[in-house]
Structure formats: C-alpha cells, structure tokens
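Data first, discussion second: the structure below is written as structure tokens.
Coordinate-derived values only; no laboratory data. Note that this is a predicted model, so its numbers are computed, not measured. Please note: Cβ atoms are built from the backbone with ideal geometry, for glycine as well, and neighbour counts cover all protein chains shown.
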C-alpha cells in the first residue's frame, strides 16, 4: 500500500506534492490558514491543490502506516546550527528533524542534498 501511495504522490504536479507534504507534516487536522502561510503558491494554485482534499489525503497517509513527526524544541534548536545552504525556514526545519531523529528526508529540492546523506533527492 505504501509503495502504491508513494507512486501516486510522485505523479502529482510539483505544487500539489508540496501542498501534500506540508499538510502531512501538520497532521490529520490541517488548519488551512497555517497551510496557506507555509506554502509559496499563488492563491489560484493553492485553491487548485485543495481540491485534492488534504484532510482525506493526510488520513490516507496515516492509514498507510506513515506516522507523524511532531516538531520539538530539539528540532527547533537544531535549525539554528544548520549551515546556510537553504533559506526556506520550513525546509530547514525538515532537515533539522531528519538530522535530529535521525531519519531520511526525501525531497525533490536538489539544494537540500547539501545537508548530508540523510537528505536524498527523489
């Protein structure tokens, strides 16, 4: 099931994938103002992405065995020590979580790979 879901997510347009990734980090109850604030999308693109119903998609991720990773104080502290390879604060937080846990971070942002072997380009 996870492989099927991952394959379907990979086929999404880049903006839709980013929206889903952001929603999955937030949790199963996605406050839209928070999600809108995190995304760097034009309002039209944001609204188009919402037609995929992020609440349903996040629930499907959870049912597929994916687990949420809460943001902790240790993650926030780790951000401060990251080199300035990437400027986006949300991406830096994901990298910090990856390094602190340690967990592999899969990304389509080639710049993030500069943070080390736990960040892998997909």
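A few notes on this one:
- Cβ-to-Cβ counts within 10 Å put 44, 68, 101 in ascending order as 44, 68, 101, the fewest first.
- Virtual spin-label span in nm between residue 88 and residue 9, 7 Å along Cα→Cβ: 1.5 nm
- Cα-Cα pairs of segment 73-121 separated by more than 12 Å (percent): 55 percent
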